[in-house]
Amino acid sequence: MPLIAHTLYQVSTATALVEGIYQGAVPIAELRKHGDLGLGTFEDLDGEMVIVDGRFFQVRSDGSVREAEDSVLTPFAAITAFSSGSPILLDACPDLANLTSRFDALRHSDNVFFALRVDGKFDYVHTRAMRRTSEGVPLVQAAAVQPEFEFRDVLGTFVGFWTPEYAKTLNVPGYHLHFISADRTRGGHLLQCRGTNLRLQIQREGDYHIALPETADFLKANLRRDPTAALAKAEGEKR
């Protein structure tokens, strides 16, 4: 499958999120100008953002899903214009590790960003959604009380990105995926999955554009610390 280069547009950095910088910096209306597929969160860490087919969904900590209005702000998001190509079919996907290993085989480099999309019917999906959190509370602390959800026999879509290790201060290194059901009533940050006959699509991101917040908290924050361990603990499945 040919890989077409596009621009990945991002608001703020993963390090800022780890340090508790949750003040909204960019409205959804601005994000719309930069693509139709992506993910992120909302002001005060109020749930998970899932961007699919140009629609922006907010998966909240009570499990509800609603479409976000243009005026809503985000402290962190990543979006791209996704070109749907011929999908790669994955007959059986016993778990998330198997899915990411298949994407590993499709990536031609460890040094560029990739946008990802997976469509299909899933036997099992495990997600979480961040709870509204006060500014300054570290991400690891906020993630410790995040509600989790389990869905079975559900049609839906995963969207997200693969980020090179060298960019770990900018975005979540490795795979970062969010889920939205086909009926747009269930979703969240993906922790685990199982399915069959899945359709995988991948796109190389040739340019990387970061919009740095002008908020007071971002400008004065200490962003020197390595966020790798905190991101792994906050983003991954609890053991």
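The values are calculated or read from the model by the stated rules, or taken from the named source; none is laboratory data. Because the structure is predicted, anything quoted here is derived from the model rather than measured. Here Cβ is always computed from backbone atoms with ideal geometry, including for glycine, and neighbour counts include all displayed protein chains. Accessible surface areas use protein heavy atoms only, side chains included; no ligands, DNA or RNA. Shrake-Rupley method; radii C 1.70, N 1.55, O 1.52, S 1.80 Å.
For the stretch 108-147, the set of residues classified as open to solvent by 50 Å² or more (accessible area, probe 1.4 Å) and modelled with pLDDT under 95 consists of 108, 131, 132, 134, 135, 138, 141, 144, 145, listed by residue number. Here is the figure for the stretch 68-80: residues that are among the small types (Gly, Ala, Ser) and more than 12 Å from residue 160 (Cα to Cα) total 2. Taken over the stretch 142-151, the criterion of being over 16 Å from residue 180 (Cβ atoms) and in contact (Cβ under 8 Å) with a residue 12 or more places away in the chain is satisfied by 142, 143, 145, 146, 147, 148. Filtering the stretch 85-97 to residues that are in contact with a strand residue (DSSP E or B) (Cβ under 8 Å, 6 or more places away or on another chain) and either part of a loop (DSSP other than H, G, I, E, B) or open to solvent by 10 Å² or more (accessible area, probe 1.4 Å) (or both) leaves 85, 87, 88, 89, 90, 91, 92, 94, 95, 96. Of the residues making up the stretch 200-214, those that are of a type outside the set (A, V, I, L, M) and within 21 Å of residue 14 (Cβ to Cβ) are 203, 204, 205, 206, 207, 208, 209, 213, 214.
Does any residue of the stretch 98-107 turn out to be open to solvent by 10 Å² or more (accessible area, probe 1.4 Å), touching a Lys or Arg at 6+ places or on another chain (Cβ under 8 Å) and among the β-branched types (Val, Ile, Thr)? No, the stretch 98-107 contains no residue that is open to solvent by 10 Å² or more (accessible area, probe 1.4 Å), touching a Lys or Arg at 6+ places or on another chain (Cβ under 8 Å) and among the β-branched types (Val, Ile, Thr). The set of residues from the stretch 27-42 being open to solvent by 10 Å² or more (accessible area, probe 1.4 Å) and under 12 Å from residue 53 (Cα atoms) comprises 32, 35, 36.
Filtering the stretch 151-202 to residues that are of a type in the set (Phe, Trp, Tyr) and under 16 Å from residue 40 (Cα atoms) leaves 158, 161, 162, 175, 179. Can you find even one residue in the stretch 71-84 that is among the hydroxyl-bearing types (Ser, Thr, Tyr), in a loop (DSSP other than H, G, I, E, B) and in contact (Cβ under 8 Å) with a residue 60 or more places away in the chain? Among the residues of the stretch 71-84, at least one is among the hydroxyl-bearing types (Ser, Thr, Tyr), in a loop (DSSP other than H, G, I, E, B) and in contact (Cβ under 8 Å) with a residue 60 or more places away in the chain, which makes the answer yes. Give the stretch 67-98 a look and list any residue that's among the charged types (D, E, K, R) and more than 17 Å from the chain's Cα centre (by Cα), or say none. Result: 69, 70, 91, 95.
In the stretch 131-239, counting only helices (runs of 4 or more DSSP H) that sit wholly within it, the ones holding 3 or more residues that are on the phi < 0 side of the Ramachandran plot and under 16 Å from the mean Cα position of the chain (by Cα) span 228-235.
Does residue 223 satisfy the condition of being over 25 Å from residue 102 (Cβ atoms) and either touching a residue at least 40 places away in the same chain (Cβ under 8 Å) or crowded, with 18+ Cβ neighbours inside 10 Å (or both)? It is true that residue 223 is over 25 Å from residue 102 (Cβ atoms) and either touching a residue at least 40 places away in the same chain (Cβ under 8 Å) or crowded, with 18+ Cβ neighbours inside 10 Å (or both).
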